[in-house]
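Asker: To start, I am sharing the structure in question, which I have written as structure tokens.
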Amino acid sequence: MASIATCLAVSAKCRHFSLKPSFKPSHFHSPIFQTPIFLRNLGQSQNSRVSFPIIRAGIEIPSGIKPGRSVETDKLPSNVRDRAMEAVDSFGGRVTIGDVASRGGLKLNEAERALQALATDTGGFLEVSDEGDVLYVFPKDYRSKLATKSFRMKIEPLLEKSKAAGEYLIRVSFGTALIVSIVLVYTTIIALVSSRSDEDNRGRRGGRSYDSGFTFFFRPSDLFWYWDPYYYRRQQIRKDDGMNFVESVFSFVFGDGDPNQGIEEERWKLIGQYITSNGGVVTAEELAPYLDILPTGETTDIESYILPVLLRFDGHPEVDDEGNILYRFPSLQRTASSQRSGRKEYVGKRWAEWVGGVDKVFKENKWPFSNTGNSERAMVIGLGGLNLFGVIILSSMLKNVAVTPGGFISFVADIFPILQIYAASFFAIPLFRWVLLREKNAQIEKRNQAREQQARALEIPDLSLKRKLLSARDMARRTVIGPDRIVYSTDKDLSEQDYDARDWDQRFSETERAD
């Protein structure tokens, strides 16, 4: 494994500045970001008045990576890649790992891996601040560069369209099957009744034998006029205009999918952005409106619900002077954005108005039984009942006849078990769903009410909660890493970068005064 390292150190006492490169400067301006990058801050001692923090930036090139051949971004899950890119865009292409984790709702290790992969594939570079913070900087056209390299990103739209087409095919096929079933069942009943009326003219020879006298011809393409290939696109454009009949059949029997699909990602985005907007220090009561907690009176310890948040954003508990437990998230306190964060007066009533620009409560959507309108649903139930009634009648008729092989009635008799299953499941499945959805929606309503109770408690906090919130605001710290704090960049040759000893001494003095 190849390794490139640069060590920068300065002593405040003797004002000595040393630069010890372990490589030749002329080789530094190679295409560094063709490989993943790992940087470490070996140590920080902000309270020390003897030496400035040692910053070590290391760029390690794993032997398994071959620049120019593999696309690192293709190894990421699609949702992680897309959320990371959205976060990069929202911050203007210059981000910290904490920025991407909070804005995209990603775990810190997911955000770091995504940034490394994106930088590798798009020609991004690193910047190191005077305190050892690492920033990822991307060119404005990084998306187009990535789209050019990534075969996966090229085929993903086609796969999504194919998936949507397949889902729609299943949806309309089930509705079309109801029409086909009704036609087959009642045509067979009519054929049997007609055959029975002709029995006296033919005479009886060795038992009954019925056939319709015609061959069954059915082409699935005859039903394509029902289908709308732009269903999903139309559903996004108009959600309140109802459905056509074949859509309504599937919706009545199977529902319309999970209304909370992707909502967990939104939950983590809300939590991450709320923590960041409040300086990286929050209370359990502030996070409660975003978590799955029990209603007031049933919850004995809100603090126990915070553990998943600590694990995702690398937080840890701290105790203030009054014994209150607060939660600090150091990685979310350092940002490349200059947007202002919450101040301590955002407590109580103003919390309800502001909340860092983030929704003050997380709400789950209830599962609807069906998105069909009343008229469509009545038609579906009516035709479903008509089909079930016809299947019952036809079942009793087929038991009393001998069917001649090869004809239409023979064909219907062969597939009749399928028709019976379809007719029975047409009402059994919705009934089973209705029972389950009642319980599921009751739990969702319970969680939503619990979160709303916690949100209302923050609008009018009691004295102890208000002091706890003010303590969290006092302990909050949000460090904006601007271009003026950058002391090292992998985008430039070492010889081009100005490491002035006086500038280092000035920054060290400013750091001491801030402490």
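Asker: For the structure I just gave you, tell me whether Phe138 is open to solvent by 10 Å² or more (accessible area, probe 1.4 Å) and touching a strand residue (DSSP E or B) at 6+ places or on another chain (Cβ under 8 Å).
Answerer: The answer is yes for Phe138.
Asker: I'm checking my understanding of the structure. Among residues of the stretch 78-130 that are of a type in the set (Val, Ile, Thr) and assigned to a strand (DSSP E or B), which one is surrounded by the most Cβ atoms within 10 Å (Cβ to Cβ)? Talk me through it step by step, then tell me what you get.
Answerer: Initial filter on the stretch 78-130 (of a type in the set (Val, Ile, Thr)): 80, 88, 95-97, 100, 120, 122, 128.
From what's left, assigned to a strand (DSSP E or B): 95, 128.
Working: Val95: 26, Val128: 23.
The qualifying residue surrounded by the most Cβ atoms within 10 Å (Cβ to Cβ) is Val95.
Asker: Moving on. Which of the residues that make up the stretch 357-384 are in contact with a helix residue (DSSP H, G or I) (Cβ under 7 Å, 6 or more places away or on another chain), closer than 30 Å to Ile179 by Cβ and open to solvent by less than 30 Å² (accessible area, probe 1.4 Å)?
Answerer: Ser370, Thr372, Val380, Gly384
Asker: Okay, next question. Within the set of pairs 6 or more residues apart or between chains, which connect a residue that is farther than 14 Å from Pro417 by Cβ and open to solvent by 50 Å² or more (accessible area, probe 1.4 Å) inside the stretch 386-405 to a residue that is hydrophobic (A, V, I, L, M, F, W, C) and in a helix (DSSP H, G or I) with Cβ atoms less than 6 Å apart?
Answerer: Listed pairs, sorted by first residue: Leu388/Ala423.
Asker: Report, by residue number, each residue of the stretch 144-188 that is assigned to a helix (DSSP H, G or I), among the polar types (S, T, N, Q) and open to solvent by less than 20 Å² (accessible area, probe 1.4 Å). Can you show your working first?
Answerer: Start the filter on the stretch 144-188 by keeping residues that are assigned to a helix (DSSP H, G or I), which leaves 144-149, 151-188.
Then keep just the ones that are among the polar types (S, T, N, Q); that gives 144, 148, 162, 173, 176, 181, 187-188.
Residues satisfying the conditions are Thr176, Ser181, Thr188.
Asker: What number of residues within the stretch 450-482 are more than 30 Å from the chain's Cα centre (by Cα) and without any contact (Cβ under 8 Å) to a residue 24 or more places away in the chain?
Answerer: Qualifying residue count, the stretch 450-482: 3.
Asker: Additional query: Any chance the stretch 152-163 includes a residue that's under 27 Å from Glu266 (Cβ atoms), touching an Asp or Glu at 6+ places or on another chain (Cβ under 9 Å) and among the hydroxyl-bearing types (Ser, Thr, Tyr)?
Answerer: Scanning the stretch 152-163, I find no residue that is under 27 Å from Glu266 (Cβ atoms), touching an Asp or Glu at 6+ places or on another chain (Cβ under 9 Å) and among the hydroxyl-bearing types (Ser, Thr, Tyr), so the answer is no.
Asker: Report whether or not Glu439 is surrounded by 14 or more Cβ atoms within 10 Å (Cβ to Cβ) and modelled with pLDDT of 90 or more. Walk me through it before giving the result.
Answerer: On the way: surrounded by 14 or more Cβ atoms within 10 Å (Cβ to Cβ): no; modelled with pLDDT of 90 or more: yes.
No.
Asker: Additional query: Out of the stretch 121-142, which residues are charged (D, E, K, R) and touching a residue at least 40 places away in the same chain (Cβ under 8 Å)?
Answerer: So the first thing to find is which residues in the stretch 121-142 are charged (D, E, K, R), and the list is 121, 127, 130-131, 133, 140-141.
Within the stretch 121-142, Asp121, Glu127, Asp130, Glu131, Asp133, Lys140 meet the criteria.
Asker: Still on this structure: For the stretch 245-268: of the residues being among the charged types (D, E, K, R) and open to solvent by less than 30 Å² (accessible area, probe 1.4 Å), which is nearest to Leu287 (Cα to Cα)? Explain how you work it out, then say what you get.
Answerer: Looking only at the stretch 245-268, we keep the residues that are among the charged types (D, E, K, R), and these are 247, 256, 258, 264-267.
Still in the list and also open to solvent by less than 30 Å² (accessible area, probe 1.4 Å): 247, 267.
Values: Glu247: 40, Arg267: 11 Å.
For the stretch 245-268, the residue satisfying everything is Arg267.
Asker: Now for a different question. Step by step: first the residues of the stretch 141-164, then only those that are under 26 Å from Arg94 (Cα atoms) and polar (S, T, N, Q), then the one that is farthest from the chain's Cα centre (by Cα). Which residue is that?
Answerer: Thr148
Asker: Still on this model: Tell me, yes or no, whether the stretch 395-412 has at least one residue that is charged (D, E, K, R) and within 16 Å of Arg196 (Cβ to Cβ). Outline the logic, then answer.
Answerer: From the stretch 395-412, those charged (D, E, K, R) are 399; that's our starting set.
Imposing the further condition that a residue be within 16 Å of Arg196 (Cβ to Cβ) reduces the set to 399.
Checked the stretch 395-412: at least one residue is charged (D, E, K, R) and within 16 Å of Arg196 (Cβ to Cβ).
Asker: Does Phe416 satisfy the criteria of being modelled with pLDDT of 95 or more and either open to solvent by less than 70 Å² (accessible area, probe 1.4 Å) or part of a helix (DSSP H, G or I) (or both)? Working first, answer last.
Answerer: Values: modelled with pLDDT of 95 or more: no; either open to solvent by less than 70 Å² (accessible area, probe 1.4 Å) or part of a helix (DSSP H, G or I) (or both): yes.
It is false that Phe416 is modelled with pLDDT of 95 or more and either open to solvent by less than 70 Å² (accessible area, probe 1.4 Å) or part of a helix (DSSP H, G or I) (or both).
The values are calculated or read from the model by the stated rules, or taken from the named source; none is laboratory data. Because the structure is predicted, anything quoted here is derived from the model rather than measured. FYI the Cβ positions are ideal-geometry reconstructions off the backbone, even for glycines, and counts take in every protein chain you see. For the accessible areas, the whole protein counts, side chains as well, though only heavy atoms, and no ligand, DNA or RNA atoms are used. Shrake-Rupley method; radii C 1.70, N 1.55, O 1.52, S 1.80 Å.
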